[in-house]
Amino acid sequence: MKIRVWWAGAAMLALSPLSAAVAQAADVKAVATFTVLADVVSEVGGDRVEVSSLIGPNGDPHAYEPTPNDVRRVRDADVVFMSGLGLEGWMDRLIATSGFKGQPVVVSEHIHTREMEEEDHDHGHDADDHDHGDHDHDHDHDDGGHHHHHDGPDPHVWNSPANVEVWVDNIVAALSKADPAGADEYRANGDAYKQELESLDEYARTQIEAIPEDRRKILTSHDAFGYFGDRYGVTFLAPLGMTTDSEASAKDVAGLITQMKEEHIKSYFFENSNDPRLVEQIASAAGAQPGGELYVESLSKPDGPAATYADMFRFNVDQMVKAMKQND
């Protein structure tokens, strides 16, 4: 592939002295922190942008440990994309170590975030919209234990396609700045992809509205579906809070078991990037059946059911709808 691109560039050079810059610009090197974001960047970037993801398929962005190879990839990148809102607590250190000259692009900027306070343990999401001011959202403090109280915004914004449209605008702007010659192309790709996101949103709404409201309840391992729940009217119960490295207390677990029995929640899900044991324990005590796997913070491998963001979102909707139909 590379060779063909090079020949095309060489042929263009023969035609016009100006095209040297164009041929050069056709290879923007972009790095994204995790697979979901990398996929959206590549939708916008098209052929002009080469995108790599620091975290591979099925990886957990909360608990990631960067490698020496990541340091090199970040150093050599033209643009670095991260979601932000405290999701990638390890990123500041990686940027500093790599000597990357620019600022990483935080794609979740301008998203209307939902606030989440882990201490409340209010497992039925009513998004409380009050603004906590501008915290330092890095929840990667070394407090000796694993329980990080993540108050502040919920970082899992991509589980609503409406938020991913904001990502797209931020990505279009950043790529256009890095490669002005490609600006029109990025804008066109971004607009086309936003249409796809709108149809995903419509798909979820139609599927979920067909289910009676009192049956729209799901148990999953950590609290990553808040934006999805708010947008489509689904309640998620989760033993862990917002980050996968928090720990559920015995009291939380007992409370969830009681709630599942009382509310007739018949199935549970585990997540592709997390340990399923706690959820299995709660489900078996509550008499629930496995609903399968949800892709939450990571795409599957390319041959899996969630190879792109669009596939992942649709797959999750289908799995959840099937499960919620079992609740009575």
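Every number in this text was worked out from the coordinates using simple rules, so none of it is lab data. Quantities reported herein were computed from a predicted structural model and do not represent experimental measurements. When we count neighbours, we look across all protein chains shown, and the Cβ atoms used for this are built from the backbone with ideal geometry, even at glycine.
Details
- Taking amide hydrogens as placed 1.01 Å from N in the peptide plane, the amide H of ALA32 sits under 5 Å from those of SER52, SER53, LEU54, PHE81, each at least 5 positions away in sequence or on another chain.
- Cross-link pairs beyond the 23 Å C-alpha cut-off, checked among LYS217/LYS322; LYS194/LYS322; LYS251/LYS325; LYS194/LYS266; LYS261/LYS322: LYS194/LYS322; LYS251/LYS325; LYS194/LYS266
- Amide H contacts under 5 Å for GLY152, placed H, 5+ residues apart: MET116
- Anisotropy class of region 164-226 from Cα gyration tensor, a/c 1.5 cut: oblate
- Among 106-112, 307-313, 81-87, the order from most to least packed when residues are scored by Cβ within 10 Å on average: 81-87, 307-313, 106-112
- Sequence-distant residues sharing a close amide H with LEU299 (under 5 Å, placed H): THR35, VAL36, ASN58
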